[in-house]
Structure formats: structure tokens, C-alpha cells
Amino acid sequence: MVENDSAVALAPLITEAADALRKARHVCVLTGAGISAESGIPTFRDALTGLWAKFRPEDLATPEAFERDPKFVWDWYEYRRELVRRAEPNAGHRALAELAGRVPKLTLVTQNVDGLHQRAGSTGVLEYHGNILRDRCTAEQVVADRSEDSRHGLPRCAACGALLRPDVVWFGEPIPRGPMIAAAEAAGTCDVFLSIGTSSLVYPAAGLAEAALQRGATVIEVNPGRTELSDAASLVLAGPSGELLPRLLRALA
Ligand code: BV8
């Protein structure tokens, strides 16, 4: 909950952000793990509990880690999949879905692999880092179904029997071409760029706000904590997105 004094301090900033949105022809939004925190999905750095506590995400979410011990990596993804399946979109996700109907054009780019934006009603979501609920065949590199007999607990491709992996982008792997080009295009042509719930540490996603700044767009950060982007942002709305995005929408009305 945003403390009262900061809630008061936030009011003029919310008005300023709403003014910028009201004038915008094209709004580009980048979201990170923070927008799903209020849905009970731990942020990326917090997703390392229990068995995986002593690992850095950069060590687990890599082709090398999967090569080394696919069962260990799959167990981590199955644990996270369970969290995603049990989660519901929150007021922050819903506010963004509604915002798309309030501005001439909105491009939503997400680093999240949880699919909650789509479940909240957002369309044309650019899944910059893939989706955790899809399987990809390690041989054909296409989204695939699971074969009945997943020997040794490892899922196999129904078409060719090869090992399946989660359809996400691992560290050291390129961003899927379509979302990468569309996101760069949007960041490079938007009037307002909203950076929501991201630490702005992981590239090339973190470079999108920089591209928008270079283009002279108004960059608005929504995050309860300071990030790599906070100093450069035009406006910082310091608080949880599940509270501040509905407030922003109300201020837009
Ligand atoms: C690549 C999918 C090359 C998997 C993920 C330039 C400089 C430095 C390093 C690099 C560089 N360029 C590339 C690199 C290397 C690397 C990188 O960036 N490393 C980092 C760690 C320094 N990047 C890569 O490897 C990328 N690939 O470069 O390939 C290439 C090119 C061509 C050909 C071959 C190779 C790929 C990166 C993608 C990796 N995959 N996810 C999975 O999910 O399992 S990244 C993953 O981590 C997430 O998707 C997300 O992107 C990132 C986590 O960041 P956030 O989402 O921001 O979450 P975080 O926990 O950090 O922060 C949460 C924030 O929320 C906090 O600020 C908190 O305050 C806030 N918050 C909390 N509660 C709330 C809230 N906000 C609002 N409301 C709340 N209630």
C-alpha cells in the first residue's frame, strides 16, 4: 500500500503522467516481473527459493544449465509453471488492457513468460522472452506437443521424440525475431514509453527505454523501488503497479 504522504506526493505526478498519455498518438509499454508480483508470482530474483535458492537466474535459465542437467532445470520450470497456472491477472494487468482502448495506439512488450497480460484481455502482446506454458522441440526448434511416454520424467516431442524445453529465451540466446523488430519499432516511434515493474537490468529489453529516451519520448517508470532507469526517466511513479495503474487510468478519464 502506498503510504499516505507519498500518495499525496504522487497525485501531481499521476496528473502529469495522465496529461502525457492524453496527448500521445502511440504509447509503448514494457513490463517486467514486478507487474505480476501482486498476482503471487515471485519476481525473477525472488523465484529462486528452496532447491534453487543458491543459484542465480542467469545460471539456471541458460542452454548450458539445460545441457548439464535437464531434469534439474525442468523441475524449476515445472515449479514456476504451477505458480503461473494458479495465478490470476491483477488490477495492473487489467488497467493496461483497458488503457489500450483509451489511446490511439498501444504496443505492449513483456519480459514476463506468464501470459497474464493476455488473460487480462490485452491483445497483440509481444512476448519478448517467450512463454513458460509452451514446450519447444530441441531438434526442430518449434512449439511442440508432448509424447505420451516422457521417459525418465523428461518431456519428449510427440512428432520426433526429441527432448522438449520450455519455449522461453534463455540467457545467451537471441530474442525471437518478430517481437524484437516490433518492439524496437515501437520504442523508436512512441510518444510515451511506460516502464512497469522491471529492474531494467536485462538486455536487450532494457535498451528499449533508452531508445525511446533518445527519440525524445516521455518515459514514465512505475516501480516501488529505484532501478537502472529511474535517474533517466521523465517521471517516476514510485509504488506498486496494481495500485498506480488503475489510478492513472482514473486520472485519464
Ligand atoms: C542475448 C526468460 C545475444 C527465461 C529471461 C548488455 C549489457 C550487459 C549484459 C548483456 C548485454 N546484452 C546481453 C547481455 C547478456 C544478458 C543480460 O542482459 N544479462 C544481465 C543479467 C546483465 N542478456 C541476454 O543473455 C539476452 N540474450 O543477449 O543474446 C545473442 C544475440 C544473437 C545471437 C545469439 C545471442 C537474453 C536475455 C533474456 C533472458 N531470459 N527470461 C525465464 O523466465 O526463465 S530474462 C528474465 O529476467 C525476465 O524475463 C526479465 O527479463 C529478467 C528479470 O528482470 P525483471 O522482469 O525486471 O525482474 P526483476 O526481478 O529483476 O525486478 C523486478 C522489479 O519489479 C524490481 O525493480 C522491483 O522493484 C519491481 N517490483 C516489485 N514489486 C512490484 C514491482 N513493480 C511494480 N509493482 C509491484 N508490485
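The values are calculated or read from the model by the stated rules, or taken from the named source; none is laboratory data. The model shown is predicted, which means the values in this text are computed figures rather than measured ones. Because the Cβ atoms are built from the backbone with ideal geometry, glycine has one as well, and the counts that use them run over all protein chains shown. To get the accessible areas, we keep the full protein, side chains included, count just its heavy atoms, and leave off ligands, DNA and RNA. Shrake-Rupley method; radii C 1.70, N 1.55, O 1.52, S 1.80 Å.
Here are a few things to note about the model shown:
- R136 long-range amide H proximity, modeled H, under 5 Å: A144, R165, D167
- Summarising the amide proton neighbourhood of V236: residues at separation of 5 or more, or on other chains, whose placed amide H is nearer than 5 Å comprise E221.
- Choice from G32, G153, G188 showing the highest fluctuation, given a GNM over the chain with Cα pairs closer than 10 Å: G153
- Phi angles across the range 74-84 convert, under the Karplus curve 6.51 cos²θ - 1.76 cosθ + 1.60 with θ = phi - 60°, into 3J(HN,Hα) values of 4, 4, 5, 6, 5, 4, 5, 4, 4, 4, 5 Hz, Gly and Pro given as x.
- Treating r as the C-beta distance of L83 and D145 and R0 as 22 Å, the FRET efficiency rounds to 0.45.
- Our estimate of slack between E58 and L133, defined as 0.36 nm per intervening residue step minus the Cα-Cα distance, is 25.0 nm.
- Solvent accessible area, Å² - Y128, 1.4 Å probe, full protein context: 10 Å²
- Measuring nothing but how far apart in sequence close Cα pairs (under 8 Å, 6+ apart) lie, relative to its length, the range 107-253 scores a relative contact order of 15 percent.
- Mean Cα-pair separation over length for the chain, i.e. relative contact order, pairs under 8 Å, 6 or more apart, %: 25 percent
- The share of accessible area on the chain that comes from carbon and sulfur is 55 percent, using a 1.4 angstrom probe.
- Most fluctuating residue given options A206, A33, A162, as computed from a GNM of the chain linking Cα atoms under 10 Å: A162
- Nearest 10 degrees, 0 to 90: helix 4-23 Cα axis against the chain principal axis: 90 degrees
- Per-residue Karplus couplings for the range 128-144, computed as 6.51 cos²θ - 1.76 cosθ + 1.60 with θ equal to phi - 60°, are listed in order as 4, 10, x, 9, 5, 8, 9, 9, 10, 6, 6, 8, 8, 6, 10, 4, 9 Hz, Gly and Pro entered as x.
- The chain, helix-only ellipticity at 222 nm - DSSP H runs n ≥ 4, -39,500 (n - 2.57), divided by all residues, nearest 500: -11000 deg cm²/dmol
- Solvent-accessible area per residue for the chain (1.4 angstrom probe, square angstrom): 47 Å²
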